[in-house]
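Undergrad: For reference, the structure I am asking about is given below.
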Amino acid sequence: MKKIILTMGCLLGLSMSSIAAEDAVSSLLKSYQAEGASAASAEQGKQQWQQKQGDRSCVDCHGTDLTQAGKHVRTSKVIQAMAPSVNPKRLSDAKKIEKWFKRNCKWTYDRVCSAQEKANFLTFLKGQ
Amino acid sequence: MQAVLIWDLPLRLFHWLLVLSFALAWGSAGDDRYLNLHLSAGYVLLALLLFRLVWGIYGGHHARFKFLPLKIQLAIDYAKGIARQQTPHYVGHNPLGSWAVLLLLGLLFLLSFSGISVLGGEERQGLLKGWLSPAMGDWFRHVHLLIFQSLQILLSLHIIAVFIESYLQQSNLIKAMLTGYKSLPETSKASRQQPWVAALLLFGSISIALGVYHQPANYEPLPDNQVWRAYCGECHLAYHPSLLPAAAWQAMLAQDDHFEEALDMDEATALEILAFLTENAAETALTEAAWKIKQTTPTPAPLRITKTPHWQEQHQHVAESVWQHPQVISRSNCAACHQDAEQGWFQDSAMRLPSSITNEDS
C-alpha cells in the first residue's frame, strides 16, 4: 500500500513540475501568437540557436550540448545546463524567460528578438 | 681533560630546529603562495622560543639562564681578552655570547609577535584576528621586516663569533652544538641528556608545523545580500562591494550600459543593490584588498576593478599568456586563481595558479 501511494505521489509530483514548465512556456507561446507569430518550429529554433549573427551565437555561451553546463564567453562564469531534461528549473518562470530573451538577444544579436524567433527558441529548448 | 656533556639533547634540538624554522620562514617570506609554510615555520619558531624560556628556568645546568655569565664587567673583560687573543675560559657560553643569546632570543620573540600582528591586521587571521586594522597590520609589517634585517646582522655576527671563539678556545664549537660534548677538565659540571624532553620537543614541533600548515583559513563571512548575489552574479563573479569605492558603484548603477551589456534593473532591485554596495564599499576597509583599494584609488574612481591602481600593482607580474589561458580567459575571472573570490576576501593564502598554468614572469 505504501509503495503504491509513494509511486502515485512521485508521478503526480513529476507531472506537476512538467505542467509547471508547460505553463510558463505555453502561456508565452500563446502571447507570441497573439503578437503575430505563426506556428512555432523546433527545427527553426535549433537553427537560430546555432546560427551566428554578426560574430555571436547562442552556442558561444550555452554550448552545443544543452545537457552540459556552458561558460560565459567573456567572464568564464559557469552557466547551468539549458536543457529542462537535466535542469528542471529551466523554462519554469515566464518572467525569467522574458528577461533573458531581452538581455541576451540584445547582447548576442544587438537587437530585440521577434515573437516568432522567441516562439521557435522556446519550442526547441523545451524538447532538450 | 675529557669529553664532558655540556649541551643537553633538548637544547641542541632546540638550536637546530630554530635554525631550520628560521631558514624556512626566510625562504617562504614575501611570496603569497607560500604563506602557509611561512606561518607554519613562524609558529614552530615561537613554540621553540617558549620552550627555551621554560628550559632556561627548569632545564639542565648549562641551559639555565641564571648560570649565564651576564655581569657587564665580565663582558668587558672578555672583549678585552679577544683583543689580546687570550680569553678566560668558560665552560658554557662566554659573557658576550650570553648577551648575544638573550638578544637573539628577544629579537626572535619580537619577530614572531610582529608577524602575528601582520597576520591579524592584514590577513584577518590567526591569534590577533579582529584586534588590528589593516593600517596597523601594515605598520607591523614594516616592524617585522626591520627586526628581520637586524637579525640578519646579528646572526652573521653570531656565526663569525662561533668561528673566532672556536679558534681562541682551540675547540670546535659547531661540533659541540651537534654532539653536546666539549673537551674539559674532569671537574666541570656536566649536563644530563634528557632524551624524553627532547622527544617531546620534537613531537611538539612537528605537530605544530603540520597543524598550522594544513589549517584552512578561517573566514568570517563578509556582508552578503541575496538580491545582489543573485543579480550581479548571473554573468560574472559577484564582485564584493568592498572592491570599489562607493562613488564607483553609484556611477555604475546610474547608467544602463554595463560594460557593453544592458543592466536592465527595475527600480526596486536597483535601490536595494545600490544600498548594499555603497554601505559595504572599499571605504569600510573590511579586508586588506578593500583597505588598499581605498588608499590608492583616485577620484573619479575607475568602474573596472582591474583598472584600479591596487589591482594593477598586484597583477603586474602576471604574464599575458596566463590571461589567455583557457582556464582563465579574462582578467575579470578572479575565481580562476583566487579560491576565496566568491566570499570576497582575496586572501594571500587562498591564491593558487591552476596547476596547468606556469607564470613565466614569476
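Undergrad: Could you check B:GLU360 against (1) assigned to a loop (DSSP other than H, G, I, E, B); (2) crowded, with 19+ Cβ neighbours inside 10 Å; (3) at pLDDT below 90 and say which number it fails?
TA: Just one mismatch for B:GLU360, condition (2).
Every residue, every condition in (1) touching a residue at least 24 places away in the same chain (Cβ under 8 Å); (2) open to solvent by less than 80 Å² (accessible area, probe 1.4 Å); (3) aromatic (Phe, Trp, Tyr), yes or no:
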| position | (1), (2), (3) |
| --- | --- |
| B:PHE203 | no, no, yes |
| B:PRO223 | yes, yes, no |
| B:CYS235 | yes, yes, no |
| B:HIS258 | no, yes, no |
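Undergrad: Hey, A:VAL73 hits all of (1) closer than 17 Å to A:THR123 by Cα; (2) within 14 Å of another protein chain (Cβ to nearest Cβ) but one; which does it fall short on?
TA: Unmet for A:VAL73, out of (1) closer than 17 Å to A:THR123 by Cα; (2) within 14 Å of another protein chain (Cβ to nearest Cβ): (1).
Undergrad: Every residue in segment A:72-111 that is of a type in the set (A, V, I, L, M, F, W, C), within 20 Å of A:SER27 (Cα to Cα) and free of Cβ contacts under 8 Å to residues at least 24 places away in the same chain, please.
TA: Hits for segment A:72-111 are A:TRP100, A:PHE101.
Undergrad: Another question about this same structure. Please go through segment B:55-79 and pick out each residue that is in a helix (DSSP H, G or I) and exposed (fewer than 12 other Cβ atoms within 10 Å of the Cβ).
TA: B:ILE57, B:TYR58, B:LYS66, B:ILE72, B:GLN73
Undergrad: Restricting to segment B:18-29, give me the number of residues that are of a type in the set (A, V, I, L, M, F, W, C), farther than 15 Å from B:PHE109 by Cα and touching a helix residue (DSSP H, G or I) at 6+ places or on another chain (Cβ under 7 Å).
TA: So the answer is 2.
Undergrad: Sticking with this one: Which residues, taken from segment B:27-37, are free of Cβ contacts under 8 Å to residues at least 40 places away in the same chain and part of a helix (DSSP H, G or I)?
TA: B:GLY27, B:TYR34, listed by residue number.
Undergrad: Can you pull out every residue in segment A:91-126 that is open to solvent by 30 Å² or more (accessible area, probe 1.4 Å) and over 19 Å from A:SER57 (Cβ atoms)?
TA: A:SER92, A:ASP93, A:ALA94, A:LYS95, A:LYS96, A:GLU98, A:LYS99, A:LYS126
Undergrad: Quickly run through segment B:245-283 and pick out the residues that are in contact with a Pro (Cβ under 7 Å, 6 or more places away or on another chain), aliphatic (A, V, I, L, M) and outside any helix (DSSP H, G or I).
TA: If the condition is that a residue be in contact with a Pro (Cβ under 7 Å, 6 or more places away or on another chain), aliphatic (A, V, I, L, M) and outside any helix (DSSP H, G or I), then B:ALA281 is the only one that fits.
Undergrad: Still on this structure, I have one more. Only one of B:ALA290, B:ALA335, B:ALA350 is in contact with a strand residue (DSSP E or B) (Cβ under 7 Å, 6 or more places away or on another chain) and not acidic (Asp, Glu). Can you tell me which?
TA: Exactly one residue qualifies, and that residue is B:ALA350.
Undergrad: Now for a separate question. Could you go through segment B:197-219 and let me know if any residue there is modelled with pLDDT of 90 or more, out of contact with any Asp or Glu (no Cβ under 9 Å at 6 or more places or on another chain), within 14 Å of chain A (Cβ to nearest Cβ) and more than 24 Å from B:GLU123 (Cα to Cα).
TA: no
Undergrad: Right, something else. Please go through segment B:222-237 and pick out each residue that is more than 10 Å from every other protein chain (Cβ to nearest Cβ) and within 14 Å of B:SER332 (Cβ to Cβ).
TA: B:CYS232
Undergrad: Right, next: Among the residues of segment B:205-221, count how many are surrounded by 14 or more Cβ atoms within 10 Å (Cβ to Cβ) and of a type outside the set (Phe, Trp, Tyr).
TA: Selection size over segment B:205-221: 6.
Undergrad: Next question. Does A:ALA81 meet the test of being open to solvent by less than 70 Å² (accessible area, probe 1.4 Å), closer than 22 Å to B:GLY233 by Cα and either within 14 Å of another protein chain (Cβ to nearest Cβ) or not acidic (Asp, Glu) (or both)?
TA: Here the answer is yes, as A:ALA81 does meet what is asked.
Undergrad: I would also like to ask the following. Looking only at helices (runs of 4 or more DSSP H) that fall completely inside segment B:284-339, which ones have 1 or more residues that are within 14 Å of chain A (Cβ to nearest Cβ) and either open to solvent by less than 30 Å² (accessible area, probe 1.4 Å) or closer than 19 Å to B:LEU237 by Cα (or both)?
TA: B:320-324
Undergrad: All but one of (1) touching a Ser or Thr at 6+ places or on another chain (Cβ under 9 Å); (2) surrounded by 14 or more Cβ atoms within 10 Å (Cβ to Cβ); (3) outside any loop (DSSP other than H, G, I, E, B) hold for B:PHE346; which doesn't?
TA: (3)
The values are calculated or read from the model by the stated rules, or taken from the named source; none is laboratory data. Quick caveat, the model's predicted, so the values are computed rather than measured. Neighbour counts run over all protein chains shown; Cβ positions are idealised from the backbone, glycine included. These accessible areas exclude ligands, DNA and RNA; they are computed on the full protein's heavy atoms, side chains included. Shrake-Rupley method; radii C 1.70, N 1.55, O 1.52, S 1.80 Å.
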